[in-house]
Each structure stands twice: as structure tokens, then as C-alpha cells.
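Notes follow the structure.
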Amino acid sequence: MLDLTRRVVAENGLTALMVTHSMRQALDVGDRTLMLHEGRVVLDVSGPERAGMDVPHLLDLFATHRGGGREIDDDALLMG
């Protein structure tokens, strides 16, 4: 289904929004990644900053930008 979505978006010059909890999938699909924490956008990466980014780097950025300095304690988030 994801391949079909990619093809339709590319062929028609569309913008699509994908909601996922998989950080790997978030980085593999599309060209912009937004992360939310407690209902607010805390990270918005695209272009050269996002190119070649891996999950550990994305986790580091999220931890830095979400504020509060608390450690990430959600195992599902860490398994991205």
C-alpha cells in the first residue's frame, strides 16, 4: 500500500501527510519529518539537515528539542 501511495503522490504532484510512530518509516518516506510532544510540534526537519539522518540522530534531536531535559522513557519510542 505504501508503494501505491508513493506512486500516486509522485505522479500527481500531491502533498500527503503520514502519521506513524515508526521513526525508521518516518525517515524512509517523504522529505520532511515533524515530531510532536504533548500535542506540540517540537521538531521539524527537512532538506540537508534531514538527508541521511538515522534513528539515533532523530532521537537525539527530539530529546534536545522537546524541552524539560527529561530522559526518553518510552520503550516503543526507543525501538523506532
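No lab work stands behind these numbers, since they all come straight from the coordinates. Please read all numbers here as calculations on a predicted model, not as lab measurements. For neighbour counting, all protein chains shown are included, and Cβ atoms are generated from backbone atoms with ideal geometry for every residue, glycine included.
Quick notes
- For region 1-64, diffusion coefficient by Stokes-Einstein and Kirkwood Rh (Cα), 37 °C, 0.692 mPa s, µm²/s: 257 µm²/s
- Per-peptide average of other Cβ atoms within 10 Å, ordering 12-21, 47-56 highest first: 47-56, 12-21
- Neighbourhood charge, 13 Å Cβ-Cβ cut-off, centred on Ala10 and excluding it, Lys, Arg +1 and Asp, Glu -1: -1
- Each of Thr5 and Val41 was given a label point 7 Å from its Cα along the Cα-to-Cβ line. The distance between the two points is 1.9 nm.
- Built amide H within the under 5 Å cut-off of Leu43, gap 5+: Met35
- Inter-label distance, nm, simple model (7 Å from Cα along the C-beta direction), Ala16/Val55: 2.2 nm
- J(HN,Hα) series, region 5-18, from Karplus relation 6.51 cos²θ - 1.76 cosθ + 1.60, nearest Hz, glycine and proline x: 4, 4, 5, 4, 4, 5, 5, 10, x, 8, 10, 10, 10, 10
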